[in-house]
Amino acid sequence: MFENLSIPVGPSSCAEATTAKEAAYRIDYPLPAARNTRIIALDSEAAAIVRGASELEWGQARFYETSDPGTDLVTMDGRTVSLEGEIAESNTIVMVSASGENAAAMAHLGEVCYNRGIMTAGLAMTPGNLDSDALHNLRPHARVLLVPAEPDDLVELLWATRA
Amino acid sequence: MLRTEINELLTQTGPGTPMGDLFRRYWQPVLLAEELPENDCPPVRVKVLSERLVAFRDSSGRYGLMDEFCAHRGASLWFGRNEENGLRCPYHGWKYDVTGQAVDVPSEADNGNFCASVKLKSYPTVKLGDVLWAYLGDPDKQPPLPEWEAYTVPDGQVFTSKRLQECNWLQALEGGIDSSHVTFLHGGNLDTDPLFKGSKGNEYNKGDLKPFFEVVDYEGGLLIGARRNAEEETYYWRVTPWVLPNFTMVPPRGDHPVHGHFWVPIDDENCWAYSFDYHPTRQLTETELEAMRAGKGVHSANDAAYRPLANKDNDYLMDRDAQRRGVTYSGIEGIALQDSSLQESMGPIVDRTKERLVATDAGIIKARQKLRKAVLALQDGVDPVGNRPQDQKVRSVATVLPREQAFVDGIGEAMKAEPGKPHTSV
Ligand code: FES
Ligand SMILES: [Fe+2]
């Protein structure tokens with residue numbers, strides 16, 4: 001296994017390329033933001049957390065609240081818009097639930113995203129509580145779940161993913 | 001993405017740095033026991049958390065870990081003569097015991113007072129299992145000895161190896177937390193590696209390539225659950241614990257031994273991966289030990305200095321043909337080198353301002369946040385977690401659960417390490 005399978009060549013070899021000196025030559029250019037992350041609160045407690053996050057500065061992220069059946073979303077300034085229209089160009093939606101209410105809306109969001117290949121993340125905002133309705137109702141529909149999530153997890157997740 | 005100042009906060013572990021202060025509240029692996037195999041054996045150099053130290057085992061079997069440099073004029077005590085319960089500097093003959101206390105200064109008048117005033121900084125060091133552990137922090141804050149299950153089982157049930165990784169500790173740790181790379185990078189190894197193959201779980205793994213992830217916040221760190229469809233009414237769960245600051249454990253497969261890692265900073269640009277395999281209820285078999293020594297599973301084939309034989313100087317023995325044929329996904333042989341080759345390729349300290357993280361990186365995002373919070377809390381005088389026995393008695397788990405069950409709820413007892421209790425594995 002350890003005979004000479006590869007012949008490292010000069011500056012293109014790992015020995016050279018992995019040094020701190022070479023790391024400085026990593027080219028620098030602006031990275032695009034995430035495409036249209038949509039953050040959707042599923043109950044009033046979650047909405048307060050989502051509203052707080054919405055007040056920070058974001059790239060293309062937008063913030064909403066919804067309830068059953070989940071076909072419409074309500075923007076932070078109170079306009080009703082259609083889910084289909086708002087996620088048309090989205091890569092990721094983040095569902096935020098505290099009480100676990102509006103399970104039908106979660107299922108609808110999950111299904112629409114599944115059909116369109118949109119990534120779903122879920123935050124069960126139940127600090128100190130591992131097992132909750134929020135968790136159970138989000139679980140089938142969120143590819144990634146934070147359990148329990150704290151309010152600053154939403155901001156961290158959005159920040160880290162360049163939303 | 002991570003701001004530059006937070007990247008620095010989390011990656012710098014030298015004396016006086018905030019993250020260094022956090023690390024200095026934990027017992028950390030500093031040597032394999034085999035490196036000091038017998039009384040009065042040669043001393044060895046140890047660099048940990050950016051401190052240069054020397055370790056030795058005295059005539060009575062006590063372990064010493066202290067400042068590498070002689071108090072007199074700074075010669076390295078690696079050259080020392082290990083004799084009669086002390087390490088003697090060969091330059092002018094000053095001799096130190098395992099606590100760093102000078103016990104003989106032959107160049108001075110025969111006066112105990114001078115001797116008593118010379119002491120090298122030293123750290124408590126103990127052997128648990130096949131590893132030597134040291135505590136580099138404030139003696140008043142010294143936590144109880146570690147109670148990781150792998151190091152409390154009877155002799156013969158654990159095997160530990162170490163491997164040099166030429167990048168910052170956090171890059172290596174993040175690989176241990178990142179469950180979503182396993183299907184890709186290590187995909188080829190499940191069927192072939194003697195330490196993984198043949199478990200029912202492997203079939204579930206391959207039957208569902210798009211797992212769901214649950215990142216569960218628990219007291220000592222995080223539990224990262226990957227969930228795949230098993231049968232009609234059930235999910236196959238693999239649960240990876242991360243305990244602060246640098247312990248991760250891999251979920252088991254069948255009756256194979258269970259493995260995990262400590263990612264120990266050497267300096268800010270290098271770390272040791274201490275990788276263990278243990279079985280909670282039986283001796284490791286000779287076949288298993290042979291495979292581990294040969295570098296299978298999470299281990300690696302190394303030179304005498306614990307540097308992998310496949311390393312950056314030989315392009316990790318990249319095999320483009322194996323890559324093309326899919327024998328290995330990256331062209332690199334073995335789990336350990338598959339990970340470390342890519343982590344080293346990011347550079348000694350990766351620039352996290354240039355990352356494009358996605359939602360499946362939620363475990364990494366949350367772990368960084370918990371580390372940052374622990375560092376800040378420590379500055380406010382809040383004691384850290386992860387150094388208490390209750391945080392350490394944790395197991396990784398692989399299991400099949402009814403779909404409606406929360407994994408923490410469903411696994412509950414299975415995650416708690418208890419002597420003689422079989423592990424939960426599929
Ligand atoms: S330098 Fe060690 S005894 Fe002088
Ligand atoms: Fe890996």
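The values are calculated or read from the model by the stated rules, or taken from the named source; none is laboratory data. Only a predicted model underlies this, so the values are computations on that prediction, with no experimental measurement involved. Neighbour counts run over all protein chains shown; Cβ positions are idealised from the backbone, glycine included.
Of the residues in segment B:243-269, how many are buried (at least 20 other Cβ atoms within 10 Å of the Cβ) and within 14 Å of chain A (Cβ to nearest Cβ)?
Looking only at that region, the number is 1.
Applying the selection to segment B:365-410, what residues are more than 14 Å from chain A (Cβ to nearest Cβ) and assigned to a strand (DSSP E or B)?
Correct list: B:V394, B:V397, B:A398, B:T399, B:V400.
All but one of (1) away from ligand 1 (no atom under 16 Å from the Cβ); (2) in contact (Cβ under 8 Å) with a residue 40 or more places away in the chain hold for B:N113; state the number of the condition that does not hold.
(2)
Examine segment B:133-147 for a residue that is within 16 Å of ligand 1 (Cβ to nearest atom) and polar (S, T, N, Q), and state whether such a residue exists.
Pass one, segment B:133-147, residues within 16 Å of ligand 1 (Cβ to nearest atom): none.
So far as segment B:133-147 goes, no, none of its residues is within 16 Å of ligand 1 (Cβ to nearest atom) and polar (S, T, N, Q).
Looking only at segment B:153-180, count every residue that is under 23 Å from B:K47 (Cα atoms) and either assigned to a helix (DSSP H, G or I) or not aliphatic (A, V, I, L, M) (or both) and tell me the total. Can you show your working first?
Applying the first criterion (under 23 Å from B:K47 (Cα atoms)) to segment B:153-180 yields B:159-176.
Narrowing the set further to residues that are either assigned to a helix (DSSP H, G or I) or not aliphatic (A, V, I, L, M) (or both) leaves B:159-163, B:165-176.
Residues that pass the stated criteria total 17.
In segment B:406-426, what count of residues is obtained for those that are surrounded by fewer than 18 Cβ atoms within 10 Å (Cβ to Cβ) and either without any contact (Cβ under 8 Å) to a residue 24 or more places away in the chain or over 28 Å from B:F212 (Cα atoms) (or both)?
Summing the residues that are surrounded by fewer than 18 Cβ atoms within 10 Å (Cβ to Cβ) and either without any contact (Cβ under 8 Å) to a residue 24 or more places away in the chain or over 28 Å from B:F212 (Cα atoms) (or both) in segment B:406-426 gives 8.
Need pairs with beta-carbon distance below 7 Å; first residue free of Cβ contacts under 8 Å to residues at least 40 places away in the same chain and within segment B:347-375, second in a helix (DSSP H, G or I); sequence gap 6+ or separate chains.
B:I365/A:E156; B:I365/A:L157; B:I365/A:A160; B:Q369/A:E156
Out of B:K296, B:K354, B:K373, I need the residue that is within 16 Å of ligand 2 (Cβ to nearest atom) and basic (K, R). Which one?
Numbers: B:K354 fails: within 16 Å of ligand 2 (Cβ to nearest atom); B:K373 fails: within 16 Å of ligand 2 (Cβ to nearest atom).
Sole residue among the options that is within 16 Å of ligand 2 (Cβ to nearest atom) and basic (K, R): B:K296.
Report whether or not B:V105 is modelled with pLDDT under 95 and either of a type outside the set (D, E) or on the phi > 0 side of the Ramachandran plot (or both).
In short, yes.
Restrict the check to segment B:161-182 and report whether at least one residue is farther than 30 Å from B:D21 by Cα, within 13 Å of ligand 2 (Cβ to nearest atom) and either within 14 Å of another protein chain (Cβ to nearest Cβ) or at pLDDT 95 or above (or both).
If we filter segment B:161-182 for residues that are farther than 30 Å from B:D21 by Cα, which is where we start, we get B:180-182.
Checking which are within 13 Å of ligand 2 (Cβ to nearest atom) leaves us with B:180-182.
Still in the list and also either within 14 Å of another protein chain (Cβ to nearest Cβ) or at pLDDT 95 or above (or both): B:180.
Scanning segment B:161-182, I find at least one residue that is farther than 30 Å from B:D21 by Cα, within 13 Å of ligand 2 (Cβ to nearest atom) and either within 14 Å of another protein chain (Cβ to nearest Cβ) or at pLDDT 95 or above (or both), so the answer is yes.
Looking only at segment B:307-340, which residues are away from chain A (no Cβ under 12 Å) and outside any loop (DSSP other than H, G, I, E, B)?
Correct list: B:R324, B:R325, B:I335, B:A336, B:Q338, B:D339.
Scan segment B:119-137 residue by residue and report those that are in a loop (DSSP other than H, G, I, E, B) and either crowded, with 18+ Cβ neighbours inside 10 Å or under 22 Å from the mean Cα position of the chain (by Cα) (or both).
Of all residues in segment B:119-137, those in a loop (DSSP other than H, G, I, E, B) come to B:120-121, B:123-124, B:129-130, B:136-137.
Those that are in a loop (DSSP other than H, G, I, E, B) and either crowded, with 18+ Cβ neighbours inside 10 Å or under 22 Å from the mean Cα position of the chain (by Cα) (or both): B:L120, B:Y123, B:P124, B:G129, B:D130, B:L136, B:G137.
It is to be established whether one or more residues within segment B:25-39 are in contact with a helix residue (DSSP H, G or I) (Cβ under 8 Å, 6 or more places away or on another chain) and not aromatic (F, W, Y). Outline the logic, then answer.
So in segment B:25-39, the residues in contact with a helix residue (DSSP H, G or I) (Cβ under 8 Å, 6 or more places away or on another chain) come out as B:25.
Narrowing further to those that are not aromatic (F, W, Y): B:25.
Within segment B:25-39, one or more residues are in contact with a helix residue (DSSP H, G or I) (Cβ under 8 Å, 6 or more places away or on another chain) and not aromatic (F, W, Y).
If you take the residues in segment B:367-404 that are acidic (D, E) and farther than 30 Å from B:V153 by Cβ, which one is farthest from the chain's Cα centre (by Cα)?
Our first condition is that a residue be acidic (D, E); within segment B:367-404, this holds for B:380, B:383, B:391, B:404.
Subset that is farther than 30 Å from B:V153 by Cβ: B:380, B:404.
Working: B:D380: 27, B:E404: 34 Å.
The extreme case among them is B:E404.
Would it be correct to say that A:E55 is over 22 Å from A:A98 (Cβ atoms) and surrounded by fewer than 18 Cβ atoms within 10 Å (Cβ to Cβ)? Give the derivation first.
On the way: over 22 Å from A:A98 (Cβ atoms): no; surrounded by fewer than 18 Cβ atoms within 10 Å (Cβ to Cβ): yes.
Judged against the criteria, A:E55 is not a match.
Between A:P32, A:P8, which is within 9 Å of another protein chain (Cβ to nearest Cβ) and in contact (Cβ under 8 Å) with a residue 60 or more places away in the chain? Working first, answer last.
Working: A:P8 fails: in contact (Cβ under 8 Å) with a residue 60 or more places away in the chain.
It is A:P32.
For segment B:189-208, indicate whether the set of residues that are within 12 Å of ligand 2 (Cβ to nearest atom) and either of a type outside the set (K, R) or within 30 Å of B:L9 (Cβ to Cβ) (or both) is non-empty.
Filtering segment B:189-208 for residues within 12 Å of ligand 2 (Cβ to nearest atom) gives B:189.
This time we only want the ones that are either of a type outside the set (K, R) or within 30 Å of B:L9 (Cβ to Cβ) (or both), so: B:189.
Yes, segment B:189-208 contains at least one residue that is within 12 Å of ligand 2 (Cβ to nearest atom) and either of a type outside the set (K, R) or within 30 Å of B:L9 (Cβ to Cβ) (or both).
Spot the failing condition for B:D40; the list is (1) away from ligand 1 (no atom under 15 Å from the Cβ); (2) within 27 Å of the chain's Cα centre (by Cα), and only one is missed.
(2)
Looking at segment B:79-95, which of its residues are surrounded by fewer than 16 Cβ atoms within 10 Å (Cβ to Cβ), part of a loop (DSSP other than H, G, I, E, B) and near ligand 1 (Cβ under 10 Å from one of its atoms)?
Hits for segment B:79-95 are B:P90, B:H92, B:G93.
For segment A:141-163, give me each residue that is more than 8 Å from chain B (Cβ to nearest Cβ) and assigned to a helix (DSSP H, G or I).
A:H141, A:P151, A:L154, A:V155, A:L158
Among (1) in contact (Cβ under 8 Å) with a residue 40 or more places away in the chain; (2) within 16 Å of ligand 2 (Cβ to nearest atom); (3) closer than 23 Å to B:A301 by Cβ; (4) of a type outside the set (G, A, S), which single condition is B:V327 missing?
Here B:V327 meets the rest and fails (2).
Can you go through B:V54, B:V48, B:V98, B:V103 and tell me which one is away from ligand 1 (no atom under 11 Å from the Cβ), more than 25 Å from B:Y274 (Cα to Cα), hydrophobic (A, V, I, L, M, F, W, C) and in contact (Cβ under 8 Å) with a residue 12 or more places away in the chain?
Numbers: B:V54 fails: more than 25 Å from B:Y274 (Cα to Cα); B:V48 fails: more than 25 Å from B:Y274 (Cα to Cα); B:V98 fails: more than 25 Å from B:Y274 (Cα to Cα).
Testing whether each residue is away from ligand 1 (no atom under 11 Å from the Cβ), more than 25 Å from B:Y274 (Cα to Cα), hydrophobic (A, V, I, L, M, F, W, C) and in contact (Cβ under 8 Å) with a residue 12 or more places away in the chain leaves just B:V103.
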